Structure formats: C-alpha cells, structure tokens
Amino acid sequence: MQLPTEVRQWFRNFDGSCVQCSVSMCGAWCNVPAATTLLWDTEYGPAVRGGSWPSRVADYCRRRDIKAFNVTGSNTWDWMEWAAKTGRFAAIGAGRAHFQTEYGRDQAAGRWYVCNNNSPQRIDEYSNESFRRLHLASGQWVVILDGPAPPPPPRYIRWW
Amino acid sequence: MKHPTVRLLLPSLALSLLAASLHAQDVPDVARDEILRRGDFVERLGRFQDDGQTAIAEALEPPADDSYKWFISVVTTRKCRYCDALKHDFATSPHLKPFVDTSDHARSWAHFNVFSVEDQTQSWRWKGIKLGGFPTLLVQPPRNGRFGDPQTVVLQKTGYDGDPAKLADAIRQAIAAYARRYAQSPQAGVHGEGESIGYDPPFSPPPRVEPAVPSPSPYPFDVPPAPAPVSPTPQPTDNALSLLAGLVGGMLTSGGLTNLLLVALSALAIIRTFRKATGQQLLLEDAAYQNLIDSLKSLLPSQSPPPPTASG
C-alpha cells in the first residue's frame with residue numbers, strides 16, 4: 001500500500017483533529033470521498049475538526065453516510081490484522097491520546113507501518129511489540145472503512 | 001446477536017459527549033473512558049439506518065479475508081453517458097453480476113471500485129498507466145499474490161458499446177489468458193518481479209472517438225431501415241486515351257480477335273480488287289492469295305452450334 005507523500009501531507013494534523021486526519025487518509029486510499037473530505041467544508045458536509053471519541057465518529061459517519069466499522073475492545077488486533085491483510089488502511093489509536101493511520105504490515109518480517117498525521121511525510125516502522133505498546137497507549141479503538149478494498153495503483157507488467 | 005454492552009452503553013454516551021466538548025485533545029480522556037465502557041464492541045455504520053437500528057454488535061470478528069478477490073475498476077468522467085451506461089449495466093446486467101455485486105461488496109466476486117478521473121484525491125493512482133478515454137475498465141489480480149503482482153494490468157478496456165455480454169466475455173477471456181500464462185510460468189514476468197514496460201499496453205489502443213451507444217427506440221417496435229436513395233448512374237468520362245485503351249482491350253478479347261481477322265480479310269479483298277481494276281501488279285498470285293485467305297479463315301471460330309450429345 002502506498003499513498004504519495006504529497007497526498008499524505010493534506011492530512012497533517014494542525015488542530016487536534018487526529019481521528020479525522022486518520023480517517024480521511026483511509027478515505028483517500030479507499031476512494032471514499034465523504035471520508036477523504038472530513039477535514040474541510042465540501043458538498044459532503046461541513047468540516048469536522050477537534051478531538052473525537054467513538055460515538056462522535058459514529059455520529060459524523062452517519063451524517064455523511066460513511067460506511068465503517070467502529071471497533072473497540074480487546075479484538076482490535078484482529079481487525080488491524082484484517083485491514084492490513086486485505087489491503088485497507090485503518091485509523092487506529094496509536095500513542096497517548098492520539099490516532100494515526102495503520103499503513104501496512106509485513107507479516108513475515110514482523111513489522112507494522114504507520115503514518116503519523118503529525119509527521120505525514122514519513123512512514124514509521126514498528127516491531128510487533130512496539131506496535132502493541134503504541135496501540136495500547138491510546139486505548140483499543142480502531143475505525144476501518146467498510147467497502148471493497150481498493151486496487152493497488154495499476155501498472156503495465158509484461159505477462160502476455 | 002446484540003452485545004449486552006450496548007444496553008449499558010447508551011445512557012452514558014450522552015454524558016461522555018458533553019464532557020468531551022470540554023477537551024481539546026485529539027483523543028480526549030473521555031474517549032478513553034468510552035472505549036472502556038464499550039468494551040468488545042463493533043459498530044457497523046452506514047448500513048442499517050433504515051430500520052432504526054443504530055448499533056449492530058453481532059459481529060465482533062472481522063469479516064472474512066477477501067484478499068483473494070480480483071479487482072475490477074472503472075474510471076469515469078463527468079457528463080459521460082457511456083460511463084453511466086457501464087455503471088448501470090454493472091448494477092443490473094445478469095451477464096456482469098457473476099463478476100460484480102454492486103449492492104453488497106462482500107458478496108461480489110471482485111472488488112469493484114468506480115473512480116472519477118476529475119477526483120484529484122485519486123489522480124496519483126493512475127500515474128503508472130495511460131488513460132486514453134472513458135470509461136476505462138481495469139482488471140487486476142488479487143492482492144494475496146496468488147496470481148502475481150496485484151498491480152498488473154490484466155485488462156484495460158476503453159469505451160463501452162452497451163453490450164454487457166460482450167464485456168463479460170472480454171473480462172472472462174482476459175482473466176483466463178492471464179491465469180493460463182501465469183500457470184505456465186509462475187516465475188516469469190507475471191510473478192511480481194516482472195519488468196515494468198513503459199506505457200504501451202498489449203491491447204488494442206482506445207478509440208479516439210467514443211463508440212456510439214444505441215439509444216433506446218422511441219417506438220415499441222423495430223423500425224425497418226429506410227431505403228437508400230438512388231444515386232445517379234456514374235457517366236464515363238470520354239477522352240482519346242481511354243477510347244484507344246478500350247479499343248485495344250476489346251481487340252484482345254476473343255470477339256475482338258474475330259473482328260480483327262474479318263477486317264484484315266476485307267482489307268486484303270479491297271486492295272486486291274482495287275489493284276486489279278487499276279491494272280496494277282498484284283502482290284500475290286491467285287493461288288498464294290487463296291492460301292492466305294484459307295489460313296485466315298481457319299483462325300475464325302466456328303459459328304455452327306455444337307453437335308447434339310446423346311444422353312441416357
């Protein structure tokens with residue numbers, strides 16, 4: 001999974017909107033405009049800024065007709081695994097009082113890739129254990145868009 | 001199955017919302033409290049509003065792994081009736097339903113995505129290919145790598161002629177060809193380590209002009225085609241060269257050769273008669289002249305009807 005740096009920069013967190021920044025980045029990857037545009041006033045709805053919690057996310061997803069899984073509790077690990085395996089981003093609790101975007105996983109190498117909306121120009125890499133600590137620091141809550149997985153950027157590879 | 005946490009959760013949610021407004025943190029402490037109160041809880045949003053349900057906690061487990069699904073994508077543009085026709089047929093045609101279920105992505109054989117080329121949030125996605133017209137349909141292998149690099153363009157089809165059966169056939173054939181090729185040499189280019197080959201696809205280039213979609217007839221019956229207007233018969237152009245060519249051509253046919261011989265015989269007879277009448281010396285004696293005439297006559301085709309043949 002790869003989102004160009006210039007696109008990730010759109011979702012930099014300036015004002016304590018980390019949950020919306022993370023969900024918006026998921027929207028850009030998954031081609032869900034109503035989610036991609038959360039941070040701004042658009043035809044999909046007014047900008048949603050500031051801190052969030054599960055019921056607030058549920059509320060604005062309903063208003064914007066964003067289909068999503070809003071998951072809390074001990075099972076978030078399975079959901080994050082599922083998201084990475086099936087080619088979806090996930091907005092996840094990551095760090096104290098913070099949300100980031102789960103960007104991918106290399107299962108064989110035991111590595112997780114995360115984009116922090118405070119530094120979207122880079123992708124942070126975590127071991128299984130450090131990723132676990134990162135997620136637990138915020139509380140087990142993830143938001144995953146509910147829709148078909150997007151295609152990876154196509155390219156011509158000679159097969160014929 | 002409704003999770004018991006839901007019943008306990010709702011009254012406390014209002015309090016936590018109120019408290020949350022007082023915080024400026026990205027994920028305020030009240031969020032942490034709410035996470036703990038919700039416990040193991042999955043809320044599926046955006047699908048069950050119609051029946052009044054606001055929370056569904058029946059599935060704590062993630063959905064099934066769908067990384068085995070192929071990708072079928074459509075890139076559209078604004079005010080494009082061919083794009084609308086294609087999207088409509090994907091939603092309704094029984095020929096395309098086996099590939100795509102637009103009403104429930106979980107039941108769809110392929111991941112189906114529709115993109116707008118004007119959407120700047122998605123323009124990065126098309127950097128590796130050349131979009132030559134709209135709609136453009138793309139088929140890619142599954143993400144799980146079972147059929148090689150999922151970025152591979154298995155089929156790129158530009159335009160839509162309104163025939164869903166033909167499109168289904170094109171998709172089927174492309175996937176079959178790719179899968180066959182992959183099965184033959186999984187270590188070759190289709191395995192994900194393949195060479196990237198620039199911008200010239202192995203398929204027919206897109207038409208510069210959109211193919212016409214047959215518009216629905218305003219009549220409840222088929223209207224027969226109007227008779228074609230009668231065009232005036234073309235007139236030959238006369239000139240000396242064409243007349244001479246025609247004469248020579250005519251002479252070389254079998255009928256033309258006969259005419260030529262008759263003319264030659266007549267000319268010889270006229271010359272001989274003229275020279276006899278004027279007392280000039282004849283070029284040939286009578287016997288030689290008769291031999292020449294007989295020889296020329298033998299070259300003429302017989303005009304008599306063919307002899308009857310016996311039958312039975």
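Only one of B:PRO63, B:PRO150, B:PRO164 is buried (at least 19 other Cβ atoms within 10 Å of the Cβ), out of contact with any Asp or Glu (no Cβ under 7 Å at 6 or more places or on another chain) and either of a type in the set (D, E, K, R) or in contact (Cβ under 8 Å) with a residue 40 or more places away in the chain (or both). Can you tell me which? Can you show your working first?
Working: B:PRO63 fails: buried (at least 19 other Cβ atoms within 10 Å of the Cβ); B:PRO164 fails: out of contact with any Asp or Glu (no Cβ under 7 Å at 6 or more places or on another chain).
Exactly one residue qualifies, and that residue is B:PRO150.
(1) assigned to a strand (DSSP E or B); (2) within 9 Å of another protein chain (Cβ to nearest Cβ); (3) modelled with pLDDT under 95: which one isn't true of A:ILE144, the others all being true?
With (1) assigned to a strand (DSSP E or B); (2) within 9 Å of another protein chain (Cβ to nearest Cβ); (3) modelled with pLDDT under 95 applied to A:ILE144, the lone miss is (3).
One line per residue, one yes/no per condition, for (1) free of Cβ contacts under 8 Å to residues at least 24 places away in the same chain; (2) polar (S, T, N, Q):
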site	(1), (2)
A:THR101	no, yes
A:SER119	yes, yes
A:GLU125	yes, no
A:SER130	yes, yes
A:LEU136	yes, no
A:TRP141	no, no
A:ASP146	no, no
A:ARG155	yes, no
A:ARG158	yes, no
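Just give me the residues in the stretch B:115-133 being without any contact (Cβ under 8 Å) to a residue 60 or more places away in the chain and more than 8 Å from chain A (Cβ to nearest Cβ), in sequence order. Working first, answer last.
Taking the stretch B:115-133 and keeping what is without any contact (Cβ under 8 Å) to a residue 60 or more places away in the chain, we get B:115-127, B:131.
Correct list: B:SER116, B:VAL117, B:GLU118, B:GLN120, B:SER123, B:LEU131.
Applying the selection to the stretch A:121-140, what residues are in contact with a Lys or Arg (Cβ under 8 Å, 6 or more places away or on another chain) and within 14 Å of chain B (Cβ to nearest Cβ)?
A:ALA137, A:SER138, A:GLY139
Assuming A:ALA94 fulfils every condition listed in (1) at pLDDT 95 or above; (2) surrounded by fewer than 20 Cβ atoms within 10 Å (Cβ to Cβ) apart from one, which condition is it?
Going through (1) at pLDDT 95 or above; (2) surrounded by fewer than 20 Cβ atoms within 10 Å (Cβ to Cβ) one by one, A:ALA94 breaks only (2).
Tell me which residues, restricted to the stretch B:19-35, are modelled with pLDDT under 80 and within 7 Å of chain A (Cβ to nearest Cβ). Walk me through how you get there before you give the answer.
Here is the first cut: in the stretch B:19-35, the residues modelled with pLDDT under 80 are B:19-25, B:33.
B:ALA20, B:HIS23, B:ALA24, B:GLN25, listed by residue number.
On the given criteria, is B:VAL223 hydrophobic (A, V, I, L, M, F, W, C), within 22 Å of B:VAL74 (Cβ to Cβ) and at pLDDT below 85? Even if it seems obvious, please write down each step before you answer.
Values: hydrophobic (A, V, I, L, M, F, W, C): yes; within 22 Å of B:VAL74 (Cβ to Cβ): no; at pLDDT below 85: yes.
Here the answer is no, as B:VAL223 does not meet what is asked.
Starting from the stretch A:14-27, keep only residues that are of a type in the set (D, E, K, R), then list their pairs with residues that are surrounded by fewer than 24 Cβ atoms within 10 Å (Cβ to Cβ) whose Cβ atoms are within a distance under 8 Å, requiring at least 6 positions of separation or different chains.
Sorted first by the residue in the stretch A:14-27, then by its partner, the pairs are A:ASP15/A:ARG49; A:ASP15/A:GLY50.
Of all the helices (runs of 4 or more DSSP H) wholly in the stretch A:1-85, which have at least 2 residues that are at the interface with chain B (Cβ under 7 Å from one of its Cβ atoms) and of a type outside the set (Val, Ile, Thr)? Give the derivation first.
Numbers: elements: A:5-8, A:18-30, A:33-36, A:54-64, A:76-85.
Passing ranges, in order: A:18-30, A:54-64, A:76-85.
Within the stretch B:36-69, restricting attention to residues that are touching a helix residue (DSSP H, G or I) at 6+ places or on another chain (Cβ under 6 Å) and modelled with pLDDT under 50, which residue is nearest to the other protein chains (Cβ to nearest Cβ)?
B:ALA55
Looking at A:GLN2, A:GLN20, A:GLN100, A:GLN107, which one is surrounded by fewer than 17 Cβ atoms within 10 Å (Cβ to Cβ), under 14 Å from the mean Cα position of the chain (by Cα) and polar (S, T, N, Q)? Write out each step before concluding.
Details: A:GLN20 fails: surrounded by fewer than 17 Cβ atoms within 10 Å (Cβ to Cβ); A:GLN100 fails: surrounded by fewer than 17 Cβ atoms within 10 Å (Cβ to Cβ); A:GLN107 fails: under 14 Å from the mean Cα position of the chain (by Cα).
Testing whether each residue is surrounded by fewer than 17 Cβ atoms within 10 Å (Cβ to Cβ), under 14 Å from the mean Cα position of the chain (by Cα) and polar (S, T, N, Q) leaves just A:GLN2.
Look through the stretch B:96-114, keep the residues that are under 21 Å from the mean Cα position of the chain (by Cα) and over 22 Å from B:CYS80 (Cα atoms), and return whichever of them is nearest to the other protein chains (Cβ to nearest Cβ).
B:PHE99
The values are calculated or read from the model by the stated rules, or taken from the named source; none is laboratory data. Owing to the predicted nature of the structure, the values given are computational and were not obtained by experimental measurement. Quick reminder, even Gly has a Cβ in these numbers, built from the backbone with ideal geometry, and neighbours come from all protein chains shown.
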